[in-house]
Amino acid sequence: MAKKPTLDLTKYVRFYEQMVYIREFEELIGKEWNNAAAHGMGGYMHLYSGEEAIAVGLIGGMDLAAGDCFIGHYRDHGYALAAGSDPGEVMAEICGKATGCSKGKGGSMHICDAARGFYGGYGIVGGNVPIALGLGWALKYRNQKNVCACFFGDGSMNQGAFHETLNMAQLYKVPVIFALENNGYAMGTSIERSHANQNLRSRVDSFAMRSVTINGQDIFEVHEQMAQIIQEMKEDPHPVFVEFKTYRYHGHGAADTPVTQSTYRTRDEVARAKDQLDPIKFAQEKLLELGVLTDELIADMQARAYASAEAAMKFSDDSPYPDPSELIKDVYA
Amino acid sequence: MARLRYADAITSALREEMLADDRVFIAGEEVGQYLGTLGVTSGFLKEFGPMRVVDTPISEVGILGLGIGSAMAGLRPVCEMMRMDFAMVAYDQVINHAAKIRYMFGGQFKVPMVIRGPSGVGRQLSAQHSQSLEVLFAHVPGLKVVMPATPADMKGLLKTAMRDDNPVIVMEALRLYFEKPDVLDAILPGLSEVPDDPDFTVPFGKANVLRAGTDVTLIGYSTMTIQCLKAANILAQEGISAEVVDLRTLLPLDMATPIASIKKTHRAVVVQEQWGLYGCAAEISAQIAERAFYDLDAPVQRVTGAFVPMPFARNLENISFPSEHDIVIAAKRTLGR
């Protein structure tokens, strides 16, 4: 990619920094999980570490201020941070605080940011995919030159909702990016054990939909390709299926401990991925090579990212829990 | 005043709201080119075009996703289920998504959509096309559930549903769709009359006393309101004055109106078209017991459908749901007769 003269390196330094922010944010949660109750954390906790380049590169290619939008699943902290949501409000939501983006009523799985076009994270595997059809339909209905991105995992592709949606999306030519984050496992069930056809991208060929496979660990490839695709979608509305190959470092959720993880993957496999597939490491090496990052800058960014995550946690810790009167509010508009 | 059939009232409400608000569109199976399975959207495709009258594949999950997402983005979709039974294919979209989105995102979004379609017992449509599944929706916070009995309410409540900022389930009584105005008016004078005013709407959560009486209160909704009116006619011939309360909407539920009636009559019969076990009639009876126990002169009676999947054979179908005679018997029981 270095040979491309058009690469906007300032942008990639920013993307690198965003990935580091997300990583530090998630790792702090992972660390503080040992002390979860004191922070207000509980229930499930799905961390995004290892997959950062997808959210940063794709969301970074959209114009949220001009009406582009996106929808996610329950591993959703990174989407909000990539979109520029306030880390304190995201952390406060994760901790069930009144200052959370969803007033503490959604929790980790239901982060959202209407002002930034983030239509939320959803907890039913595949359930968010049909909603993206409607978001894309609204763009087309109003003749907006915008796109909608829908994030989902490989597990979603085995839900009927996915197949109904892709058929209709192609039929109606809605401008939706169906962004598959293929991390190889639907909770503890591998692709091999759950997809009769393990070439996931080929599974959508039956819908005659445009598709592409992207190395989700390479921020340059993610962003350059997505920026081009988004531009084409805005000129001529149509859906695109994108398979991002990626890997998640943590268990499926907080309840997926090293012991349960040992039922489906080895520690070596995880260690190898962290060593060889890390999106931050990959970007760092490239940017160092290109001379736009220095060890000093990296250390500085990491320190600021850690401080930002700590500040978010402090903001959350200092925030009150929702008032009991909130229990019955917001059921109806 | 126009004298309309129930189905015509649906068409009238949809058309008026589509003319008034270009954010409204209809999506469903056979709503456009085929002119609507039951004809209620006949001519709509030609009048409003394919972006506003959207023919869909047989994909209920996709249809409701189309509705939820576009509603969150500011449109006002009307999703037609060819039969409300088919909504079961997409129950997840209704219960886990449409109903929850406002609350679980702390009020950041609203989902102003209508999910409507024919419901309940039809004519020999058997087990998978004859269910009245309102209980499954009325149990869930975040939804509103509307079950009109008369052409005027069908129009007025559907229009209110289309203007509401929440997901509203409108369950239309298939058995009433094509009932002729003369037949309705013979049951109760003026029953088929619908105001011409395009601003006519019927608010949610306001039950309607369709017939005043002093001896017993008959409480119904949808088809069972009509059965209650027929029963009241029979009871009148025997010198019993029955008051008929039509609930109109199950969620929100107006209990003040039926309870005010019971304070006058001291007797109540609650009627539900299908399965009584854990049903709406059970809920209403419980609320009467909680709020008006000392006003009652007799135990509340429930009249509900047989606890069976709907049979095909006409004679079995006819005895599967409450008849006016079943209601008459229950009413007399409250009077010790």
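Of the numbered criteria (1) touching a strand residue (DSSP E or B) at 6+ places or on another chain (Cβ under 8 Å); (2) away from every other protein chain (no Cβ under 14 Å), the one B:D182 fails is (1). So, in region A:203-234, of the ones that are small (G, A, S) and closer than 24 Å to A:F282 by Cα, which residue ends up nearest to the chain's Cα centre (by Cα)? Going through the qualifying residues, I end up with A:G216. If you check A:R193 against the conditions, is it touching a residue at least 40 places away in the same chain (Cβ under 8 Å), over 21 Å from A:D8 (Cβ atoms) and assigned to a helix (DSSP H, G or I)? Answer is no for this residue. Residue check: is A:I54 within 11 Å of chain B (Cβ to nearest Cβ), hydrophobic (A, V, I, L, M, F, W, C) and in contact (Cβ under 8 Å) with a residue 24 or more places away in the chain? No.
Take A:D317 and tell me if it is touching a helix residue (DSSP H, G or I) at 6+ places or on another chain (Cβ under 8 Å) and either within 21 Å of A:H77 (Cα to Cα) or within 14 Å of chain B (Cβ to nearest Cβ) (or both). In short, yes. Among the helices (runs of 4 or more DSSP H) confined to region B:1-94, the ones with at least 2 residues that are touching a Cys at 6+ places or on another chain (Cβ under 9 Å) and buried (at least 18 other Cβ atoms within 10 Å of the Cβ) are located at B:60-72. Can you find a residue in region A:144-153 that is assigned to a helix (DSSP H, G or I) and over 19 Å from A:D76 (Cβ atoms)? The answer is no, given that none of the residues of region A:144-153 is assigned to a helix (DSSP H, G or I) and over 19 Å from A:D76 (Cβ atoms). Among the numbered conditions (1) more than 18 Å from A:H250 (Cβ to Cβ); (2) within 12 Å of chain B (Cβ to nearest Cβ), the only one that A:A83 does not meet is (2). Meeting the requirement of 2 or more residues that are under 28 Å from B:P203 (Cβ atoms) and out of contact with any helix residue (DSSP H, G or I) (no Cβ under 8 Å at 6 or more places or on another chain), the helices (runs of 4 or more DSSP H) wholly within region B:226-337 are B:256-265, B:280-292. Residues that are hydrophobic (A, V, I, L, M, F, W, C), within 27 Å of B:D295 (Cα to Cα) and crowded, with 16+ Cβ neighbours inside 10 Å within region B:192-229 comprise B:F204, B:A207, B:L210, B:V216, B:L218, B:I219, B:M224, B:I226, B:C228, B:L229, listed in sequence order. Check whether at least one residue in region B:311-331 is touching a residue at least 60 places away in the same chain (Cβ under 8 Å), surrounded by fewer than 15 Cβ atoms within 10 Å (Cβ to Cβ) and among the charged types (D, E, K, R), and report yes or no. There is at least one residue in region B:311-331 that is touching a residue at least 60 places away in the same chain (Cβ under 8 Å), surrounded by fewer than 15 Cβ atoms within 10 Å (Cβ to Cβ) and among the charged types (D, E, K, R).
Yes/no per residue for (1) acidic (D, E); (2) modelled with pLDDT under 95; (3) assigned by TED's automatic domain parsing to the domain that holds B:G279:
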{"residue": "B:V135", "(1), (2), (3)": "no, no, no"}
{"residue": "B:V140", "(1), (2), (3)": "no, no, no"}
{"residue": "B:R163", "(1), (2), (3)": "no, no, no"}
{"residue": "B:L176", "(1), (2), (3)": "no, no, no"}
{"residue": "B:D199", "(1), (2), (3)": "yes, yes, no"}
{"residue": "B:T214", "(1), (2), (3)": "no, no, yes"}
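Do you know which residues across region A:202-225 are closer than 19 Å to A:L133 by Cα, outside any strand (DSSP E or B) and touching a residue at least 24 places away in the same chain (Cβ under 8 Å)? The answer is A:R203, A:V204, A:F207, A:A208, A:M209.
Taken over region B:152-184, the criterion of being outside any strand (DSSP E or B) and of a type in the set (D, E) is satisfied by B:D153, B:D164, B:D165, B:E179, B:D182. Selection of region B:1-23 for residues being under 21 Å from the mean Cα position of the chain (by Cα) and closer than 13 Å to B:L158 by Cα yields B:Y6, B:A7, B:D8, B:A9, B:I10, B:T11, B:S12, B:A13, B:L14, B:R15, B:E16, B:E17.
Quick check on region A:141-164: of everything there that is charged (D, E, K, R) and more than 8 Å from chain B (Cβ to nearest Cβ), which residue is surrounded by the fewest Cβ atoms within 10 Å (Cβ to Cβ)? The extreme case among them is A:K145. For B:P198, the conditions (1) in a loop (DSSP other than H, G, I, E, B); (2) touching a Pro at 6+ places or on another chain (Cβ under 7 Å) are fulfilled apart from (2). Give region B:103-137 a look and list any residue that's facing chain A (nearest Cβ under 7 Å) and crowded, with 24+ Cβ neighbours inside 10 Å, or say none. Of everything in region B:103-137, those that are facing chain A (nearest Cβ under 7 Å) and crowded, with 24+ Cβ neighbours inside 10 Å turn out to be B:M104, B:F105. Consider region A:37-72 and keep the residues that are outside any loop (DSSP other than H, G, I, E, B) and in contact with a Cys (Cβ under 9 Å, 6 or more places away or on another chain). The one that is surrounded by the fewest Cβ atoms within 10 Å (Cβ to Cβ) is A:H39. Number of residues in region A:283-303 that are in a helix (DSSP H, G or I) and surrounded by 15 or more Cβ atoms within 10 Å (Cβ to Cβ): the value is 8. Filtered by the rule that a residue be farther than 22 Å from A:G134 by Cα, facing chain B (nearest Cβ under 8 Å) and assigned to a helix (DSSP H, G or I), region A:102-117 gives no residues. The number of residues in region A:258-279 being surrounded by 10 or more Cβ atoms within 10 Å (Cβ to Cβ) and without any contact (Cβ under 8 Å) to a residue 40 or more places away in the chain comes to 8.
Within region B:151-204, the only residue that satisfies the criterion of being of a type in the set (F, W, Y) and over 17 Å from the mean Cα position of the chain (by Cα) is B:F200.
Apart from one condition, A:V125 fits all of (1) surrounded by 24 or more Cβ atoms within 10 Å (Cβ to Cβ); (2) more than 8 Å from every other protein chain (Cβ to nearest Cβ); (3) within 20 Å of the chain's Cα centre (by Cα); (4) not basic (K, R); the exception is (1).
The values are calculated or read from the model by the stated rules, or taken from the named source; none is laboratory data. These figures come from a predicted structure and were not determined experimentally. Virtual Cβ from ideal backbone geometry, glycine too; neighbours counted across all protein chains shown.
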